[in-house]
1. Find the centroid of the Cα atoms in segment 276-342 and in segment 18-97, then give the distance between the two in whole Å.
2. Just the accessible area for PHE321, please: 1.4 Å probe, Å², rounded to the nearest 10?
3. Return the calculated 222 nm mean residue ellipticity for the chain, to the nearest 500 deg cm²/dmol, obtained by summing -39500 (n - 2.57) across DSSP H runs with n ≥ 4 and dividing by the residue count.
4. Would you mind telling me which residue in LEU391, LEU178, LEU218 has the biggest mean-square fluctuation in a Gaussian network model of the chain, where springs connect alpha carbons within a distance under 10 angstrom?
5. Give the angle, between 0 and 90 degrees and rounded to the nearest 10, that separates the Cα long axis of helix 12-42 from the longest principal axis of the Cα atoms of the chain.
6. Given a 1.4 Å probe, how much area per residue of the chain is accessible, in Å²?
7. Just want to confirm a number: the relative contact order over the chain, from Cα pairs under 8 angstrom separated by 6+ residues, in percent.
8. Roughly how much of HIS375 is accessible, in Å² to the nearest 10, using a 1.4 Å probe?
Amino acid sequence: MQDSAQEQRLGNWEFALLISGLFSSSIGQSLIFAILPPLGRSVAFNEVQTNAIISLSALVFTLSSPRWGRLTDRVGRKPIMISGLVGYSVGTILFTSVFVVGLQGWITGTLLYALALLARCLQSVVMSGTNPAAAAYAADHSSPKYRTQTLARLGTATSLGMIIGPVFGGALASFGLLVPLFAAAALTGISAWAIWYWLPPVARPLHDRKLRRKLRVLDPRIRGYLLASFGGFVGFSGIQQTLGFRLQDSLALSNTETAQYTGIALMVSAGSTFAMQVLVAQRFKSTPVLLVRWGLGALLCGALLIASSHGFYLLLGGMAFLGAGLGLMVPAVASGASLAVAPEEQGGAAGLVTATPAAGFVVGPVACGWLYTIHPWLSPLGAAGVIALVLVLMLQKDRIRSH
């Protein structure tokens, strides 16, 4: 029995269903990042307003994810996963419908902005349950020996969605900037139905588990991993959310061209993330801490390269480094936090791990958006400074336990 527990892996069918949910929602996320800058300008939102939609909804996501994670420890992984996917689908339709009204000129100005912000925040409340539920489900079905590889494989679903999303969105954007968003909502709804119909519940009864006190962000077992994730995503999100503005302003692109060029850059980044997860993270045998440090180093290289770039192709190289950094860091953070806590705390840990990237998206877009208004090159330089600081902290062994 002990050998069987040590060799436990997530089944291929269950893994495929989890991938479908994460894949469909990541397509929607990559679309919104590529489309929102030109879409916001088309309804007279300025750069700070557009980035604030991402940041404030990310704040809601940050606050909601840990609560969903803890709830999965009580009611189960599957119900929360389905709720998150359905909420994403309905929320996307609501958010897109606000822009339909705005583009028609029926509502404009402050009221339109308030409605768009409200719709996005309501969507974030519910959709934040998907990732922690999926990660906790995977942890329930994988022994510590295979935890890093399993969570890295799960992360490839998000990366693959980020690769395909810009291509998918760019193809549909020729029919209108809103068409890809409606399509993503439909895709996510289909995934929710498939998981509801086919995914078996967690084998172990969750109500029999002894639930400990609420897991805290500053818990010494996981705080180093959460710090690395937060700092890395502050830098990444700040660069990503000013990318569309920089491309449009420096290359004199139209709104549709901006969405397409931004989509190409995001696709390169996601492709690099996918490659690192498949070629490195899934085969990595050492401690997660080391992989986190490598990831932060790659993120720093990418930010500095983008700061020094004067053309589209050098910028693509920087995006490739950023993607590689995420491909190394994200599964290592998830694995390290999962291995550091008890089985009955898996949902809580997964919720906090899911929340920290969103917390980075609260700070990064607003801070780098403000820096962009001063000078376009200050945005990636500011991101590089944050990443460098976190990397220095992570290089100090007493900041984090090795697992």
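1. Here the answer is 23 Å between Cα centres.
2. 90 Å²
3. -27500 deg cm²/dmol
4. It is LEU218.
5. Once rounded, the angle reads 20 degrees.
6. I get 40 Å² per residue for the chain.
7. On the way: 764 pairs, mean separation 114.5, N = 403.
Once divided by the residue count of the chain, the mean separation gives 28 percent.
8. It works out to around 80 Å².
The values are calculated or read from the model by the stated rules, or taken from the named source; none is laboratory data. Keep in mind that this is a model prediction, so the values were computed, not measured. Cβ atoms come from the backbone with ideal geometry, glycine included; neighbour counts cover every protein chain shown. All accessible areas refer to the heavy atoms of the entire protein, side chains included, with ligands and DNA or RNA removed. Shrake-Rupley method; radii C 1.70, N 1.55, O 1.52, S 1.80 Å.
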